[in-house]
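Taking it in order: structure first as structure tokens, then the write-up.
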Amino acid sequence: MEALVESVKNHGIITPVILRQKEDGRYECASGHRRRKAAELAGFPTIKAEVREMTRDEAIIIMAHSNRQRSKIMPSEKAFSYKMELEALKRQGMRSDLTSRPVVGKSEAADTIGALCDESGRQVQRYIRLTNLVPALLDMVDEGRIAFRPAVELSYLTEQEQRDLLETISYEDATPSLAQAIKMKEFSKAGKLNADVILSIMCERKPNQAEKISFRTERLKPFLPKNITPK
């Protein structure tokens, strides 16, 4: 945003924002929310705008596509963007069973979205599954700490199971592999996943994983010289 504000200060708004007139006569922004905010932060009292006739669902679809055209977009942003667009397409008459699982047969709406984004319909559905993650786990996906495919499998865990996993991740300082995430999903489906099972799965040695020894700092302090560095 800071870079965008600087660009607006130097070059102004090159591409107008897109507006639609609401049913009450007022206007809302369909595309260009970041540009509008950047212009506001840059001190611009007005901004170039183009008004188009469109329904609210059409505006949602335009907004979703506009957001995904940014040069850098996080997995969570793409996930919620796809979800909003899919729901808008469903309201326009598409099928209603498109987000039930990450890999299904052909589904018209997901395939339509994927075709416009150079992705398969299945991949679109996988992204949408990420919206079922609790915020802290979704942040780890955005930060690259949890890989995409394990994250999709973890999205099937209940909210409490996900919170138990977060505690284990913090304690073990490790995130689940795809195989571990699939195993947790299977235990969850069978109603047998709890904090102890999660810890047991997370303690399983991963392929090519080197052994390491870790200590809690507070337990070592009494035995170490005060001038020793953390390293």
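The values are calculated or read from the model by the stated rules, or taken from the named source; none is laboratory data. Note that the structure is predicted; figures quoted are calculated from it, not measured. Note: ideal-geometry Cβ built from the backbone for every residue, glycine included; neighbour counts use all protein chains shown. These area figures cover heavy atoms from the full protein model, side chains too; ligands, DNA and RNA do not enter into them. Shrake-Rupley method; radii C 1.70, N 1.55, O 1.52, S 1.80 Å.
Okay, here's what the table says:
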{"item": "With every protein chain in place, segment 121-227: carbon and sulfur % of accessible area (1.4 Å)", "result": "50 percent"}
{"item": "Average projection area in nm² (convex hull over Cα atoms of segment 145-187, one quarter of hull surface)", "result": "2.7 nm²"}
{"item": "Other-chain or far-sequence residues with amide H under 5 Å of Leu19's (modelled H)", "result": "Ala30, Glu50, Val51, Arg52"}
{"item": "Segment 130-141 - phi-based ³J(HN,Hα) in whole Hz, Karplus 6.51/-1.76/1.60, Gly and Pro as x", "result": "4, 5, 8, 7, 5, x, 5, 5, 5, 4, 5, 5"}
{"item": "Segment 1-47, Cα convex hull volume normalised per residue, Å³", "result": "68 Å³"}
{"item": "Inter-site label distance for Arg145 and Lys231 at 7 Å from Cα along Cβ, in nm", "result": "2.3 nm"}
{"item": "At 0.692 mPa s and 37 °C, Stokes D of segment 119-176 from Kirkwood alpha-carbon radius, µm² per second", "result": "284 µm²/s"}
{"item": "Calculated FRET efficiency for the pair Asp173/Asp24, C-beta based, R₀ 41 Å, to 0.05", "result": "0.20"}
{"item": "For segment 191-204, Karplus couplings with θ = phi - 60° (6.51, -1.76, 1.60), whole Hz, Gly/Pro x", "result": "x, 10, 8, 9, 4, 5, 5, 4, 4, 4, 5, 5, 7, 5"}
{"item": "DSSP-assigned coil residues among GluC sites (Glu not before Pro) in segment 134-231, each with at most 13 further Cβ atoms within 10 Å", "result": "Glu143, Glu204, Glu211"}
{"item": "From phi via Karplus (6.51, -1.76, 1.60), per-residue ³J(HN,Hα) for segment 48-59 in Hz, x at Gly/Pro", "result": "5, 9, 10, 9, 10, 7, 7, 7, 4, 5, 5, 5"}
{"item": "Fully extended contour minus Cα-Cα distance, from Leu220 to Ile73, at 0.36 nm per residue", "result": "48.7 nm"}
{"item": "Surface/4 estimate of mean projected area, convex hull on alpha-carbon atoms of segment 133-231, nm²", "result": "7.7 nm²"}
